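Student: Please read through the structure below; I'll follow up with questions.
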Amino acid sequence: REAEERYIQANPKSAAIHGASKAAMPGGNTRTTLHYSPFPVCIRFAEGSRVIDVDGHSYVDFINEYTAGVLGHSEPAVKAALAQAIADGLTLGGPSIYEHELSAIISQRFSSMERLRFCNSGTEANLLALATARAVTGRPAVLVFDGAYHGSLLYFSHGASPLNMPIPFVTAPYNDAEAAVKAIERHAQDLAAVLVEPLQGGAGAIPGELAFMRALRDATRKHGIVFIMDEVMTSRLSPSGVQGRLGIKPDMTTLGKYVGGGMTIGAFGGRADIMERFDPAKPGALPHGGTFNNNVLAMAAGHAAFTKVLTPQAIDRMNAQGDDLRQRLDALAKTRGLAVQTTGLGSIFAIHFHRGTIRNGHDLDEGERGREREINDLKTLFQLDMMAQGHYINRRILGNLSLQTSAADLASFLGAFEEFL
Ligand code: PLP
C-alpha cells in the first residue's frame with residue numbers, strides 16, 4: 001500500500017488522464033496488457049531506449065511495445081522512410097514497390113515463407129493462417145497449447161477465453177511431446193492445423209524445447225496437418241526467427257510486431273502450394289482483401305528496418321545481451337538463495353518468484369500454488385520499485401530489450417534488481 005501511495009503521489013497527471021479516460025474507455029485505456037493498478041503511467045514521448053511520461057519521469061524501456069519495438073525509439077532510418085512514403089502520397093490504393101520490397105526480404109529471411117501476404121496485426125495473421133489451413137485441408141479443428149496467446153481472439157490461459165473465435169479447438173500441455181503427439185493422433189481426422197508459439201510469451205516467456213517442436217513437426221507431417229509457428233513475438237530471436245535457431249521448417253508462419261518497423265502490421269505465409277491458393281488468377285482462389293494490408297507506412301518502415309537497421313549481426317548482438325542479462329539476474333538471486341528465477345530466450349525475459357523447473361504454465365501454477373497473494377504482492381512491489389528507479393516494466397514482469405538498450409541501461413536494471421532482492 002505504501003508503494004502504491006508513493007506511486008500515486010508521483011504521478012498526478014497520469015492519474016488525472018486515466019481517471020478522465022474512463023468516461024470513454026472501460027478501465028481507462030485500450031489495451032488490457034498495458035493496464036495495472038492503480039493506473040498505468042501515460043507516456044508522453046519516447047527517444048532512444050527511453051520513454052518519458054506526462055509527469056516528466058524518464059524510464060529505460062523494458063516493455064518496448066511488447067517486443068514490437070526492436071528498433072528502440074525514433075530510429076532515423078525508419079523516420080526517413082516514413083517521410084518519403086508520406087511525400088509519395090501516403091495512401092496509394094494499388095500494389096506498390098513498397099510491398100514488393102518488404103515481402104521479398106521477409107521471404108528471404110524466413111525461408112518457410114515461400115509466399116506470404118500482409119495484414120494488419122498478429123491476431124489477424126493467426127486468424128488468416130487458421131482459416132487458410134481449414135480451407136486447404138477441409139478439416140475443422142485446430143490444436144493449440146495451454147497458456148497460448150495468439151491474440152485476444154485466440155487466447156488459452158486457464159481455459160479458452162470467451163472472446164475466442166468459434167473454431168473447434170483441442171488443447172494439449174506445452175512442452176509435453178508425448179501428450180501432444182497423442183492428441184494429434186487421436187484427432188488427426190479432424191485437425192486442420194497445429195498452432196504453436198516457439199516460445200510462449202504471454203504465459204511467461206517459456207521456450208519450446210527442441211524435442212517438443214520436432215515431435216510436432218513430425219506428427220503433423222505424418223497426418224497432413226498444417227504446422228503453423230506463431231512467430232509474432234519470437235521472430236526477433238534470431239535473424240530467421242526461432243524456426244531458424246531450431247532448424248525446423250513449419251508449413252506456415254505468422255509474423256507481426258517489429259516487421260513493420262514499428263507501424264501496424266501482420267503477415268502470414270508458408271509453403272508455396274498452400275499460399276498459391278490466394279492467387280486471384282487461379283480458379284477457386286481464396287479471397288483476401290483488407291484495405292490497409294499494404295499500407296505504405298508499414299511497408300516502407302518495415303523495409304527500412306530490415307535493410308538498414310536489423311542486420312543479422314545487430315539481431316544476434318541484441319539477443320546475446322539478453323542471454324547475458326538473464327544469466328546475471330539468475331546469479332544475483334542464486335547467491336542470495338532466493339526463490340527468484342528468470343525464463344526466456346535471447347532478448348525476451350520474464351522473472352518469476354519461485355523455485356522449480358518451469359517448462360509450461362502448469363509448472364508456474366504449481367510453483368505459485370498457495371502463494372498467489374504473496375506473489376501478486378511481490379510482482380506489484382517489483383514493478384513499482386523498478387519504475388521508481390527509472391525502469392519501465394509491466395506488472396507481469398515480461399520484458400525485452402531493443403537494439404538501443406545500452407550497457408548502461410542494463411547495468412542500471414541489474415543494480416535496481418539487486419537492491420530489490
Ligand atoms: N501471437 C503472439 C505470440 C503474440 O505475442 C501476440 C501479441 O502479443 C499476438 C499473436 C497478437 O499480435 P497483435 O497484438 O499484433 O494482434
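The values are calculated or read from the model by the stated rules, or taken from the named source; none is laboratory data. Keep in mind the model is a prediction, meaning the values are calculated, not measured. Don't worry about glycine lacking a Cβ; one is built from the backbone with ideal geometry, like all the others, and counts go over all protein chains shown.
Student: Is it fair to say LEU403 is hydrophobic (A, V, I, L, M, F, W, C) and part of a loop (DSSP other than H, G, I, E, B)?
Tutor: Details: hydrophobic (A, V, I, L, M, F, W, C): yes; part of a loop (DSSP other than H, G, I, E, B): yes.
Spelling it out, LEU403 is indeed hydrophobic (A, V, I, L, M, F, W, C) and part of a loop (DSSP other than H, G, I, E, B).
Student: Filter the range 201-215 down to residues that are part of a helix (DSSP H, G or I) and in contact with a helix residue (DSSP H, G or I) (Cβ under 6 Å, 6 or more places away or on another chain) and give me whichever is surrounded by the fewest Cβ atoms within 10 Å (Cβ to Cβ).
Tutor: At the first step, the residues of the range 201-215 found to be part of a helix (DSSP H, G or I) are 210-215.
Those still in the list that are in contact with a helix residue (DSSP H, G or I) (Cβ under 6 Å, 6 or more places away or on another chain) too: 210-213, 215.
Working: LEU210: 13, ALA211: 10, PHE212: 24, MET213: 24, ALA215: 17.
If we take residues in the range 201-215 being part of a helix (DSSP H, G or I) and in contact with a helix residue (DSSP H, G or I) (Cβ under 6 Å, 6 or more places away or on another chain), then ALA211 is surrounded by the fewest Cβ atoms within 10 Å (Cβ to Cβ).
Student: So which residues in the range 273-296 are charged (D, E, K, R) and in contact with a Gly (Cβ under 9 Å, 6 or more places away or on another chain)?
Tutor: ARG277
Conditions (1) closer than 24 Å to ILE206 by Cα; (2) modelled with pLDDT of 95 or more, marked per residue:
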{"position": "ALA285", "(1), (2)": "no, yes"}
{"position": "THR311", "(1), (2)": "no, yes"}
{"position": "ARG317", "(1), (2)": "yes, yes"}
{"position": "ALA320", "(1), (2)": "yes, yes"}
{"position": "VAL340", "(1), (2)": "yes, yes"}
{"position": "PHE349", "(1), (2)": "yes, yes"}
{"position": "ASN360", "(1), (2)": "yes, yes"}
{"position": "GLU368", "(1), (2)": "yes, no"}
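Student: Give, as residue ranges, the helices (runs of 4 or more DSSP H) completely inside the range 94-194 that count at least 1 residues that are within 16 Å of the ligand (Cβ to nearest atom).
Tutor: 97-109, 122-137
Student: Among the residues of the range 371-397 satisfying the criterion of being outside any helix (DSSP H, G or I) and out of contact with any Ser or Thr (no Cβ under 9 Å at 6 or more places or on another chain), which is surrounded by the fewest Cβ atoms within 10 Å (Cβ to Cβ)?
Tutor: From the range 371-397, those outside any helix (DSSP H, G or I) are 371, 389-397; that's our starting set.
Next, from what is left, pick out any that are out of contact with any Ser or Thr (no Cβ under 9 Å at 6 or more places or on another chain): 371, 392-393, 397.
Numbers: ARG371: 14, TYR392: 24, ILE393: 22, ILE397: 20.
In this case the residue turns out to be ARG371.
Student: Hey, another quick one. In the range 5-38, how many are farther than 30 Å from ALA407 by Cα and more than 16 Å from the ligand (Cβ to nearest atom)?
Tutor: Residues that pass the stated criteria total 21.
Student: Also, quick follow-up: Name the residue, out of SER103, SER74, SER107, that is modelled with pLDDT under 95, closer than 24 Å to LYS308 by Cβ and of a type in the set (Gly, Ala, Ser).
Tutor: Values: SER103 fails: modelled with pLDDT under 95; SER107 fails: modelled with pLDDT under 95.
Exactly one of SER103, SER74, SER107 is modelled with pLDDT under 95, closer than 24 Å to LYS308 by Cβ and of a type in the set (Gly, Ala, Ser), namely SER74.
Student: Considering only the range 334-344, state which residues are out of contact with any Gly (no Cβ under 8 Å at 6 or more places or on another chain) and within 30 Å of VAL232 (Cβ to Cβ). Break it down stepwise before answering.
Tutor: Here is the first cut: in the range 334-344, the residues out of contact with any Gly (no Cβ under 8 Å at 6 or more places or on another chain) are 334-342.
Matches in the range 334-344: VAL340, GLN341, THR342.
Student: Here's something else I'd like to know. Could you give me the residue pairs with C-beta distances under 9 Å whose first residue belongs to the range 197-226 and is basic (Lys, Arg), whose second residue is in a strand (DSSP E or B) and within 16 Å of the ligand (Cβ to nearest atom) wherever it lies, and which are 6+ apart or on separate chains?
Tutor: ARG217/PHE227; ARG221/PHE227
Student: Before we move on, is PHE278 in contact with a His (Cβ under 6 Å, 6 or more places away or on another chain), in the same structural domain as GLN108 (by TED's automatic domain parsing) and not charged (D, E, K, R)?
Tutor: Values: in contact with a His (Cβ under 6 Å, 6 or more places away or on another chain): yes; in the same structural domain as GLN108 (by TED's automatic domain parsing): yes; not charged (D, E, K, R): yes.
So PHE278 passes the test.
Student: Okay, next question. Residues to consider are VAL232, VAL242, VAL259; find the one that is within 16 Å of the ligand (Cβ to nearest atom) and part of a loop (DSSP other than H, G, I, E, B).
Tutor: Only one candidate passes the filter, namely VAL232.
Student: Mind checking which residues of the range 209-228 are within 15 Å of the ligand (Cβ to nearest atom) and in contact with a strand residue (DSSP E or B) (Cβ under 6 Å, 6 or more places away or on another chain)? Outline the logic, then answer.
Tutor: Of all residues in the range 209-228, those within 15 Å of the ligand (Cβ to nearest atom) come to 213, 228.
Scanning the range 209-228 gives a single hit, ILE228.
Student: Looking at (1) under 25 Å from LYS182 (Cα atoms); (2) crowded, with 21+ Cβ neighbours inside 10 Å, can you tell me which one CYS119 breaks?
Tutor: So the condition that CYS119 fails would be (1).
Student: In the range 270-289, is there at least one residue being surrounded by 24 or more Cβ atoms within 10 Å (Cβ to Cβ) and touching a helix residue (DSSP H, G or I) at 6+ places or on another chain (Cβ under 7 Å)?
Tutor: Here is the first cut: in the range 270-289, the ones surrounded by 24 or more Cβ atoms within 10 Å (Cβ to Cβ) are 270.
Subset that is touching a helix residue (DSSP H, G or I) at 6+ places or on another chain (Cβ under 7 Å): none.
Checking the range 270-289: not a single residue is surrounded by 24 or more Cβ atoms within 10 Å (Cβ to Cβ) and touching a helix residue (DSSP H, G or I) at 6+ places or on another chain (Cβ under 7 Å).
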